[in-house]
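Notes to accompany the following structure.
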Amino acid sequence: MLAAILSLTILGALLGLALGIASRLLHVETPPVQAELEAMLPGTNCGQCGFPGCSGAAAALAEGSAPPTCCPPGGKALAAAIAEKLGLSLDLSSLTDEGPKLATIAEDLCIGCCRCLKSCPTDAILGAPKQIHNILKEACTGCAACVDHCPTEAVVMQPVPVTLQHWVMPKPLAA
Amino acid sequence: MGLMEKFFGLSWGIHPEDHKRPAADAATRTMPVPERLFVSLSQHIGAPARPAVLVGQQVKKGDKLADPQGAVSAAIHAPTSGTVTAIGEIPAPHPSGLPVLAITLESDGKDEWAELQGCPDPFALEPAEISRRVAAAGVVGLGGATFPAALKLSLSQKSRVSTLIMNGGECEPYLSCDDRLMRDEAAAIVDGIRLMLHATGASEALVGIEDNKPEAIAAMSEAARPYAEVRIRPVPARYPMGSEKQLILVLTGQEVPADGRPGDVGVVVHNVGTARAVHEAIRHGRPLVSRLVTVNGACVGQPGNIFVPVGALVEEVLAFAGGLKKTPERLIMGGPMMGMSLPHARVPVVKGTSGILALDAAQVADRAQEPCIRCASCVRACPIGLLPLEMARHIQVGDLKGAVGVGLKDCIACGCCAYVCPSHIPLVQYFAHAKGEMAAQERARLRAEATRKLAQARSERLEREAREKAELAARRKAERAAAAAAAASASPAVTEGAQA
C-alpha cells in the first residue's frame with residue numbers, strides 16, 4: 001500500500017516537473033497581435049478593405065496577406081502605426097494619401113428615403129421619412145457605406161476642405 | 001544659467017544685424033481709419049470668436065463685434081464707428097492664403113467711441129474683476145502669440161506665481177514697435193504692469209529690455225522709479241532673447257522644464273504692449289482695437305511705427321507709410337525670423353501684427369539649398385540645446401516619431417538653425433511641417449477613437465433593439481396564449497353552464 005502511494009507520488013511529481021520544464025522550454029510566443037491590430041483599426045466594419053469587417057482585416061494583416069495600407073478611412077497615420085506594430089518598413093512618401101473624404105448629401109436630390117442612414121456604421125446620418133437627411137461631419141468616418149444605398153445619387157464623397165486650423169506647412173523640397 | 005554661461009557669456013542664439021533704425025527713431029504716426037475694415041474673427045490662439053452683430057447694424061468704436069467662444073478665445077470690438085456690411089470669408093493673413101471669417105465694417109468717418117467705463121481706482125478692484133475686465137476688452141498677448149491675456153492672468157493667480165516678467169526684448173530684427181511704445185508711453189506701460197501685478201498676485205515685475213534700446217531703458221527706468229516692485233533689467237541683445245523661456249533663464253536663472261510652463265518655475269511672461277493694452281482697458285475702459293505696427297523693409301517709402309486700427313488692409317498701411325518704392329520680393333507679417341510670409345497685401349492687420357515688412361531681393365537673400373555637411377552650426381545656435389540637423393534628417397524620411405525622440409516638441413521655431421546653416425537648409429520649415437503633421441495625426445487619432453465609440457454604440461443599439469423586439473414578440477405570444485387559455489377555461493364553464 002505504502003509502496004504504491006509512494007511510487008505513484010514520485011511518478012506524479014517527476015512527470016509534473018517534466019511537464020513544467022517542457023512548458024518553459026518549449027513555450028511558443030503567441031503575441032495577441034491580431035487583437036491589438038483590431039483595436040487600432042477604426043472598428044466601423046465598413047468593408048472598404050475587402051475583408052469581412054475590421055476583425056477580418058486584422059487577421060489578414062496579422063498573417064501578412066494584407067498590406068498595412070489596406071484601411072482607407074485610417075489613412076496615412078494608421079498605415080504608419082500598423083507598419084510599426086508589424087515591424088514592416090513602409091515608404092509613406094509613395095502613398096498617395098488623397099486626404100480623408102466625408103460623405104455629403106445634396107439637398108436638392110435627397111428624397112428622404114432613409115436607406116442611407118440604416119447603412120451608416122456610426123449613426124452619422126440624421127433623417128426621417130420624407131425629410132432631407134443630413135450628415136454629422138464629426139461622426140462620419142468616410143467609409144462610403146451609404147453611397148451605394150442612395151437611389152438618387154444624392155450622397156457624394158467629398159474631400160474634407162482644408163481650413164486655417166488644419167493647414168499643415170508643406171514639407172520643404174530636399175536638396 | 002550654467003556655470004559656463006556665467007563666465008563666457010551666452011552661448012546660444014544668434015546675433016543678426018538688427019535693421020531696427022532708422023525706423024525705430026522715426027516719430028510714431030497714427031493711421032487714419034480707412035473706409036472699410038475687415039475684422040478677422042480668428043485674431044487669437046484658440047477658438048474663433050462668434051459674431052454678436054448683424055449685417056446692417058450700426059456700431060460705435062469699441063462696441064463688441066464678437067463674443068469669445070470656448071475656453072480659450074477672446075472678444076473682438078469695433079475699431080471704428082460705422083455699419084456692419086458683411087460677415088463672410090476673406091483671405092487670412094497667413095502663408096496659406098486660406099479664407100477666414102471676418103466682419104466687414106464700413107466706417108462712417110466719425111470714429112466715435114461708445115460709452116466707455118473706465119476705473120479711476122483700479123487697485124481697489126478684486127484681482128478677478130481685473131481679469132474679467134481685461135477679458136471683456138479682448139486683450140490678447142501682443143508679442144505675437146496672441147494668447148488671451150485675461151486667461152493668463154487668472155491662471156497665474158491660481159498657480160500663485162511670484163514674478164511677473166515683462167518682455168521688452170523685441171529681439172526680432174526690423175521690429176521696433178515695443179521699443180517705440182516703451183519710449184513714448186512708458187508711464188502707461190508701468191501702470192499696466194502694476195495692474196497686472198495686482199491681478200496675478202505676483203510680488204515683483206522684471207522688465208527685460210535688450211541693451212540695444214538705451215532710450216527705452218531710460219524712459220522705462222524713469223517711469224518705474226516711484227515703484228520699487230517694478231524693476232527694469234537690461235539684457236544682452238541676442239536673438240531669441242524675446243522668447244519666453246530664454247528671457248526667464250536670463251532674468252531668473254531658472255529653466256522652464258521641457259514639457260512645462262513658466263508657471264512651473266513661478267513666473268509668468270507678458271509683453272510690454274499687452275501691459276499698455278491692460279492699462280487702456282482698465283483705466284479708460286478702451287478695448288483693444290488698434291495697435292502699434294512697425295512698417296519696415298527696403299521697399300517701404302517711410303519706414304516707422306504706425307498706430308493701425310485692427311482690420312485695416314496691409315495694402316493701405318503700406319500706402320500710408322509712404323507707399324512702396326519697388327515691388328517687394330517678400331511681404332512678411334511679424335518679424336523676419338518667426339513672422340509669416342503673406343501671399344499678397346490684401347489681408348487685414350490683426351491684433352498680433354507686430355510688423356509689416358516689405359523686403360527686397362537683397363534682404364530676402366534666397367539661396368539654393370545644399371546637402372547637410374554636418375558642421376553642427378545649428379546645434380551651437382539652438383537656444384534650447386536640440387540637434388536640428390538630426391531632427392531634419394528624421395523628418396526628411398517621414399519619421400516623425402524619431403524627430404520627437406530628439407526633441408521636436410521642445411523646438412520653439414525661432415529659426416536660429418536655418419539662419420546659421422551654411423548649406424541654407426530650411427530647417428525650421430521642416431520642423432513647422434512636422435509639427436503640423438503631428439497635430440493632424442493626433443486629430444485623426446482622436447477622431448478614430450470617437451467614431452469607434454459611435455460604432456460600438458450603434459451595434460449595442462441594434463442588439464438592444466433586436467432583444468426588445470424578441471421580448472415584445474415573446475410577451476405578445478404569452479399574452480395570446482394566456483388569452484387562448486382564458487378563452488379555453490371560460491368556454492368549458494359556458495358549456496358546463498349550458499349542460500346545467
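Every read-out reported here was derived from the displayed coordinates using simple, explicitly stated rules and does not represent laboratory data. None of the values given here were measured: they were computed from a predicted structure. Glycine also receives a Cβ, built like all others from the backbone with ideal geometry; neighbour counts cover every protein chain displayed.
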The residues B:M333, B:M166, B:M220, sorted from fewest to most surrounding Cβ atoms within 10 Å, come out as B:M333, B:M220, B:M166
Within straight cross-link reach of B:K409, meaning Cα distance under 13 Å, which aspartates and glutamates are found once same-chain residues fewer than 8 apart are removed? B:D259, B:E437
In terms of the alpha carbon gyration tensor, root eigenvalues a ≥ b ≥ c, rounded if a/c is under 1.5 and otherwise prolate when a/b exceeds b/c or oblate, the range B:189-288 is oblate
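What size of dipole, in debye to the nearest 20, comes out for the range A:101-159 about its Cα centre when the only charges are +1 on Lys and Arg C-beta atoms and -1 on Asp and Glu C-beta atoms? List each step's numbers first, then the result.
Details: 5 positive and 6 negative charges, 22 e Å.
Here the size comes out at about 100 debye.
From other protein chains only, count the Cβ atoms within 10 Å of every residue's Cβ in A:139-147, then give the mean.
2
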Values of log10 I(q)/I(0), in the order q = 0.14, 0.22, 0.26, 0.29 Å⁻¹, for the range B:128-189 under a Debye, Cα-only, solvent-free model: -0.50, -1.07, -1.19, -1.22
Computed lengthening from B:A466 to B:V379, 0.36 nm per intervening residue step minus Cα-Cα distance: 24.9 nm
Which of B:S81, B:S96, B:S354, A:S65 comes first, and how do the rest follow, when ranked by fewest Cβ neighbours within 10 Å? A:S65, B:S96, B:S81, B:S354
Of A:G53, A:G20, A:G74, which is the most mobile in a GNM of chain A whose springs link Cα atoms less than 10 angstrom apart? A:G20
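Kirkwood hydrodynamic radius for the range A:33-94: how many Å is it when counted over pairs of different Cα atoms?
11.2 Å
Using only helices, what value at 222 nm comes out for the protein assembly as shown when you add -39,500 (n - 2.57) per DSSP H run of length 4 or more and divide by the total residues, to the nearest 500 deg cm²/dmol?
After summing the helix terms and dividing by residue count, I get -11500 deg cm²/dmol.
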Evaluate peptide B:451-461: per residue, the Cβ atoms of other protein chains within 10 Å of its Cβ; return the mean as an integer. 6
Give a residue-ordered list of calculated ³J(HN,Hα) values for the range B:57-62 (Karplus: 6.51 cos²θ - 1.76 cosθ + 1.60, θ = phi - 60°; whole Hz; x for Gly, Pro). 6, 8, 10, 9, 4, x
P(r) for the range B:368-418, please, calculated from all Cα pair distances in 5 Å bins and given in %. 5, 23, 31, 25, 15, 1
Dipole of the range B:396-500 (Lys/Arg Cβ +1, Asp/Glu Cβ -1, origin at the Cα centre): which of B:S459, B:Y430, B:Q441 lies farthest to the positive side? B:S459
Using the Kyte-Doolittle scale, which helices in chain A average at least 0.5 and also have C-alpha atoms spread 20 Å or more along the helix axis, with helices defined as whole DSSP H runs? A:2-25
Measuring from centroid to centroid over Cα atoms, what is the spacing of the range B:309-330 and the range B:85-158 in Å? 24 Å
Quick one: Cα centre-to-centre distance for the range A:126-142 and the range B:30-60, in angstrom? 33 Å
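Roughly how many debye, to the nearest 20, is the charge dipole of the protein assembly as shown about its Cα centre, given +1 on each Lys and Arg Cβ, -1 on each Asp and Glu Cβ, and no other charges? Intermediate values should be presented prior to the final figure.
Details: 64 positive and 67 negative charges, 147 e Å.
For the protein assembly as shown, the charge dipole is close to 700 debye.
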Just the number, please: Stokes-Einstein D of chain B in µm²/s, Kirkwood Rh from C-alpha pairs, 25 °C, 0.890 mPa s. 96 µm²/s
Bins of 10 Å from zero: percent of alpha-carbon pairs in the range B:75-173: 11, 28, 34, 23, 4
Lone cysteines in chain B, defined as no other cysteine's Cβ under 4.7 Å from theirs: which are they? B:C119, B:C171, B:C177, B:C299, B:C372, B:C375, B:C382, B:C411, B:C414, B:C416, B:C421
Could you calculate the FRET efficiency of B:D360 with A:V162 from 1/(1 + (r/R0)^6), where r is the beta carbon distance between them and R0 is 25 Å, rounded to 0.05? 0.20
Estimated FRET transfer efficiency (B:A368, B:A450; beta-carbon r; R0 56 Å; 0.05): 0.80
Kirkwood Rh over alpha-carbon pairs of the range B:282-419, then Stokes-Einstein at 25 °C and 0.890 mPa s: what D in µm² s⁻¹, rounded to an integer? 142 µm²/s
Other chains near B:425-438: what is the mean number of their Cβ atoms within 10 Å of each residue's Cβ? 3
Based on DSSP H assignment, which helices of chain B show an axial Cα extent of at least 18 Å together with a mean Kyte-Doolittle hydropathy greater than or equal to 1.0? B:186-200
Return the Rg/Rh value of the range B:380-474, two decimal places, where both radii are evaluated on C-alpha atoms and Rh is the Kirkwood radius. 1.44
Suppose each label sits 7 Å from its Cα in the direction of the beta carbon; what would the B:R443-B:E17 distance come out to in nanometres? 4.0 nm
Which part of the range B:53-82 falls in the paramagnetic zone of B:E35, meaning amide N under 12 Å from the point 7 Å along Cα-to-beta-carbon? none
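Could you state, as a whole-number percent, how many of the C-alpha pairs of the protein assembly as shown are farther apart than 46 Å?
36 percent
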To the nearest 0.05, how large is the calculated FRET efficiency for B:V404 and B:H344 if R₀ is 41 Å and r is the Cβ-Cβ distance? 0.70
Convex hull projection area averaged over all views, chain A, Cα basis, nm²: 19.0 nm²
Where nothing but the Cβ of Lys and Arg (+1) and of Asp and Glu (-1) is charged, how large is the charge dipole of chain B around its Cα centre, in debye to the nearest 20? 1200 debye
Tell me which aspartates and glutamates have Cα within less than 14 Å of A:K101's Cα, excluding those fewer than 8 residues away on the same chain? A:E138
Sorted peptide list for B:273-281, B:456-464, B:190-198, criterion being average Cβ within 10 angstrom, highest first: B:273-281, B:190-198, B:456-464
Starting from the Cα of B:K60, draw a straight line to each of the lysines and keep only those under 25 Å, dropping any in the same chain fewer than 8 residues away. B:K110, B:K351
Note on the range A:101-159: alpha-carbon gyration tensor, axes a ≥ b ≥ c; rule is a/c under 1.5 for rounded, else prolate if a/b larger than b/c, else oblate; result prolate
Determine which residues of the range A:47-65 fall in the zone a paramagnetic label at B:S459 would reach in this model, i.e. backbone nitrogen under 16 Å from the point 7 Å along Cα→Cβ. A:47-49, A:51-60
Order of B:V39, B:V364, B:V267 - criterion: other Cβ atoms within 10 Å of each residue's Cβ, fewest first: B:V364, B:V267, B:V39
